[in-house]
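Asker: After the structure tokens below, expect a handful of questions from me.
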Amino acid sequence: MRSARFRAAAGSVLLVAGLGLAPLEAANASPAAPSGGTGPAIPLYGATNPGSPADEIPLSISNPDLGSRNISYPTLIPVLPAPGMANGTAVIVAPGGGFFALSMKNEGFDVAHALANRGVTAFVLKYRLRPTPPASADFAAAIAARMKAPPGSPQGGLDLNFPPAVQDALAALKLVRSRAAEWKIDPAKVGMIGFSAGAKTAMDSILTAPSDDDPETLAPNFIGYIYGPMEKIEVPADAPPMFTAIAFDDPLFKTGDFGLPAAWHAAKRPIEMHVYEKGGHGFGLGRPGSTAALLMPEFLSWMEMRGLLPTKP
């Protein structure tokens, strides 16, 4: 099924908020506590993995852990619960960045560690991105020029249709389920949580998952859809339960159009929606002084309600 193209008009806002670059330094209310540890990156396609790790460029030279761009070599990075804490549920975390970058800390590892601390076997998905100029100044100029181009033109706006990322999400789901016994995972409890472009990637993995009898190739069993595009879509009859969250002051969604969750509800598929007064775009685990900081506790409570987590004492 083809997904609708999402375009936003405010170029300067998209460069800062849409790609999630500004919030990288200070978006989170508090750092995630250490979990059981981070495993080595796993090439999604094994020996046939495309691209090269050498193509990747850090967003910040002073702090390369914040994020990356020019990713051509897709990997899955396990973030495991402490020994004896795994509860059988797995979540693949898909960071955002407009398919030009990945917010690896704010929307990746911080989220994965918060999940692992509740016994969830988490995985950060480093999916393929559109190539950008190597020099940082040229990268910023190229994105700014794209955002300033007239909406609707081939060079204008932010195109959130990127099939390689969706292919990587489906490959990640298959990889996790194929190694479920090794990681002590229930293959029927493998979900995804995505942020911005990562939310779009998670959604498209639902819309494009093949319909066959192989349980490893199924769509995610549940989804966290965090400040992704909200346009109405055609909801599959077997769409999984969805938790979605966004802020009213998100600069990408000023119209307050909640067509997607409304369509999910109309299709009688399980959905929970949280709309925060403040938070902007790219808030990750929340901004200090805003109720968006409740995102992870609310997502975990939703997982408890759905039987995906044991109830916290």
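The values are calculated or read from the model by the stated rules, or taken from the named source; none is laboratory data. All of these numbers come straight from a predicted model, not from anything done at the bench. Cβ sites come from the backbone with ideal geometry, for glycine too, and all protein chains shown count toward neighbours.
Asker: Go through (1) under 18 Å from the mean Cα position of the chain (by Cα); (2) in a loop (DSSP other than H, G, I, E, B); (3) modelled with pLDDT of 95 or more; (4) under 21 Å from Asn117 (Cα atoms) one by one and return the number of the condition Val79 breaks.
Answerer: (2)
Asker: Then there is this: Anything in the range 104-142 that is part of a loop (DSSP other than H, G, I, E, B) and more than 17 Å from Phe299 (Cα to Cα)? List them, or say none.
Answerer: Met104, Tyr127, Arg128, Leu129, Arg130, Pro131, Thr132, Pro133, Pro134, Ala135
Asker: Follow-up. Going residue by residue through the range 88-100, is there one that turns out to be out of contact with any strand residue (DSSP E or B) (no Cβ under 6 Å at 6 or more places or on another chain), in contact (Cβ under 8 Å) with a residue 40 or more places away in the chain and in a strand (DSSP E or B)?
Answerer: Looking through the range 88-100, at least one residue is out of contact with any strand residue (DSSP E or B) (no Cβ under 6 Å at 6 or more places or on another chain), in contact (Cβ under 8 Å) with a residue 40 or more places away in the chain and in a strand (DSSP E or B).
Asker: Now a separate question. Looking at the range 133-168, which of the residues that are at pLDDT 90 or above and of a type in the set (D, E, K, R) is nearest to Ser205 (Cα to Cα)?
Answerer: In this case the residue turns out to be Asp168.
Asker: Let me ask something else about it. Under 24 Å from Glu107 (Cα atoms), modelled with pLDDT under 95 and of a type in the set (D, E, K, R): does that describe Asp250?
Answerer: In short, yes.
Asker: Another question, then. Name the residues in the range 175-185 that are crowded, with 18+ Cβ neighbours inside 10 Å and either of a type in the set (Lys, Arg) or in contact with a Pro (Cβ under 6 Å, 6 or more places away or on another chain) (or both), would you?
Answerer: Matches in the range 175-185: Arg177, Ala180.
Asker: So which residues in the range 207-228 are of a type in the set (Val, Ile, Thr) and at pLDDT 95 or above?
Answerer: Correct list: Ile223, Ile226.
Asker: Going through the range 54-76 one residue at a time, which ones are surrounded by fewer than 21 Cβ atoms within 10 Å (Cβ to Cβ), under 18 Å from the mean Cα position of the chain (by Cα) and of a type in the set (D, E, K, R)?
Answerer: The answer is Asp65, and nothing else.
Asker: Do any residues in the range 206-232 that are on the phi < 0 side of the Ramachandran plot and among the hydroxyl-bearing types (Ser, Thr, Tyr) have Cβ atoms under 7 Å from those of residues that are at pLDDT below 90 and in a loop (DSSP other than H, G, I, E, B), where the two are at least six apart or on different chains, and which pairs are they?
Answerer: Hits for this filter: Thr208/Met1; Thr217/Ala209; Thr217/Pro210.
Asker: So Gly289 clears everything in (1) farther than 23 Å from Asp186 by Cα; (2) small (Gly, Ala, Ser); (3) surrounded by 15 or more Cβ atoms within 10 Å (Cβ to Cβ) except one condition, right? Which one?
Answerer: Failed condition: (3).
Asker: Same structure again: What are the residue pairs meeting all of these: first residue in the range 269-281, first residue at positive phi, second residue in a loop (DSSP other than H, G, I, E, B) and aromatic (Phe, Trp, Tyr), Cβ atoms under 6 Å, and 6 or more apart or on different chains?
Answerer: none
Asker: As an exercise: evaluate Leu160 against (1) surrounded by fewer than 24 Cβ atoms within 10 Å (Cβ to Cβ); (2) in contact (Cβ under 8 Å) with a residue 60 or more places away in the chain and give the number of the one condition it does not meet.
Answerer: Result: Leu160 fails condition (1) only.
Asker: Could you list, in sequence order, all residues of the range 111-125 that are buried (at least 24 other Cβ atoms within 10 Å of the Cβ) and either more than 16 Å from Ala169 (Cα to Cα) or not aromatic (Phe, Trp, Tyr) (or both)?
Answerer: Of everything in the range 111-125, those that are buried (at least 24 other Cβ atoms within 10 Å of the Cβ) and either more than 16 Å from Ala169 (Cα to Cα) or not aromatic (Phe, Trp, Tyr) (or both) turn out to be Val111, Ala112, Ala114, Leu115, Ala116, Val120, Thr121, Ala122, Val124, Leu125.
Asker: Moving to a separate point now. Among the numbered criteria (1) surrounded by fewer than 21 Cβ atoms within 10 Å (Cβ to Cβ); (2) among the aliphatic types (A, V, I, L, M); (3) assigned to a helix (DSSP H, G or I), which one does Ala188 miss?
Answerer: (3)
Asker: Only one of Ala86, Ala101, Ala149 is over 29 Å from Met296 (Cβ atoms) and either surrounded by 21 or more Cβ atoms within 10 Å (Cβ to Cβ) or over 12 Å from the mean Cα position of the chain (by Cα) (or both). Can you tell me which?
Answerer: Answer to the check: Ala149.
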